[in-house]
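No value in this document is a laboratory result; all are computed from the given coordinates. As the structure is a computational prediction, the values presented were derived from the model and not from experiment. Here the Cβ positions follow ideal geometry from the backbone for every residue, glycine too, while neighbour counts run over all protein chains shown.
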Amino acid sequence: MNNNTKGLLYAGFTAILWGFLAIALKIALYKLNPVTVVWFRFCIAFSVLFISLLIFDKGLVQSVKRLPRLVFLAGFLLGLNYLGFISGLQKTTPGTAQVFIQIGPVSLALVGILFFKEKLKWTHFVGFILLLSGFTLFYSQQDTGSIKDAENLRLGVIYVIFGGLCWAGFSSLQKIMLVKHNPNHLNLVIYGFCVLLFLPFVEFSKLPDLSIYDYLLLVFLGLNTLLAYGSLALALKYAEANKISMILTLNPILTFLAMAALEVLAVSWIDYENFTYLSILGAVLALTGVSIVVLRKKKKV
């Protein structure tokens, strides 16, 4: 198996994990505030990764000491990405958040073009037009119901877009560092940094009120973080940024399908999506635009 195929498989696994992530986060927000959920994600991911590396990686300490200071900026950007996305998710729905977070892969593709010297094509401009048209149509079709709901939607979308831009910055820095450094070592420092970053704002007083199912959900979110970003790091190491971004655009589709399945099952523990045909068309246009922007044909040799 060549490196490019490995990278795309890792990216696909990340897309699957992220496809269900927004739903799980939305459920967690019923009991905890965004910062507390984010902290648990990083704390669990750091703990599991640290124990694993401590057992199986004999050169861990020396390798971590050699990491560049850039890793802390990457950690800061990833922390902002988590906080921005979940804060937006709190005010919107999983489907809406997953549509607008696609600004992240598009921004990563732009970074690839501007800084990693990946070729710019006319199809990129077509993709941007479709993306902006889709975002506009999708946003205009959201049923706000009241001025307060409209304000929450607007703020939610802004938070999510901010989170997407931070993710693009994080991924770009990680791609640079992956040239010389082990992805697990980078992620360990990033997770640990974010644990310390959000620690002062965690609502520990709410923890005694959680059920065993709530704790299991938090464990799932932490493991999702560990596995998804471990796979993403490997994907960035083996494949081009724009190809990885293409795979990650599957996230909203998986989220829509999962939410539709939950509605069919008539579950009571999450609010359903309320999409019109035009909003679905807007989502399709946006995702098509993202796909065109990040897709590039391989040159023939």
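For the listed residue pairs Lys91/Lys237; Lys58/Lys175; Lys26/Lys243, the alpha carbons are over 31 angstrom apart in Lys91/Lys237. Summarised as an ellipsoid, the stretch 1-61 has semi-axes of 27, 22, 7 Å, derived from the eigenvalues of the Cα gyration tensor scaled by 5 and square-rooted, with the largest first.
Exposed loop sites here mean trypsin sites (Lys or Arg not before Pro) with a DSSP loop assignment and at most 13 other beta-carbon atoms within 10 Å; the chain contains its longest site-free run at 181-296. To the nearest µm²/s, what D does Stokes-Einstein give for the stretch 178-237 at 20 °C and 1.002 mPa s, using the Kirkwood radius over alpha carbon pairs as Rh? D = 160 µm²/s. Remark: the Cα gyration tensor places the stretch 167-301 in the oblate category, a/c being 1.5 or greater and a/b not exceeding b/c. Taking max minus min of the alpha-carbon positions on each principal axis, the stretch 12-116 gives extents of 44, 40, 25 Å, largest first. FRET efficiency for the Tyr213 to Leu257 pair, using the beta carbon distance and R₀ = 30 Å, is estimated at 0.80. With the simple model of a label 7 Å out from the Cα in the direction of the Cβ, Leu73 to Leu196 spans 1.9 nm.
At a Förster distance of 45 Å, what's the computed FRET efficiency of Leu265 paired with Ser133, Cβ-Cβ distance as r, to 0.05?
Efficiency, rounded to the nearest 0.05: 0.85.
Could you tell me which of rounded, prolate or oblate describes the stretch 80-195, using a ≥ b ≥ c as the square roots of the eigenvalues of the alpha-carbon gyration tensor, with rounded for a/c under 1.5 and, failing that, prolate when a/b is larger than b/c and oblate otherwise? Oblate is the answer for the stretch 80-195, as a/c is 1.5 or above yet b/c matches or exceeds a/b. Normalised by 2.2 N^0.38 Å, with N the number of residues, the alpha-carbon radius of gyration of the chain equals 0.99. How far is it, in nm, from the label point at Lys58 to the one at Phe115 when both lie 7 Å from their Cα along the line to the Cβ? It works out to 3.7 nm between the two label points. Shown is the FRET efficiency for Lys6 and Val179, computed with R0 = 22 Å from the Cβ-Cβ distance and rounded to the nearest 0.05: 0.85. Working note: Cα atoms of the stretch 63-144, range along each principal axis, descending, whole Å: 51, 37, 13.
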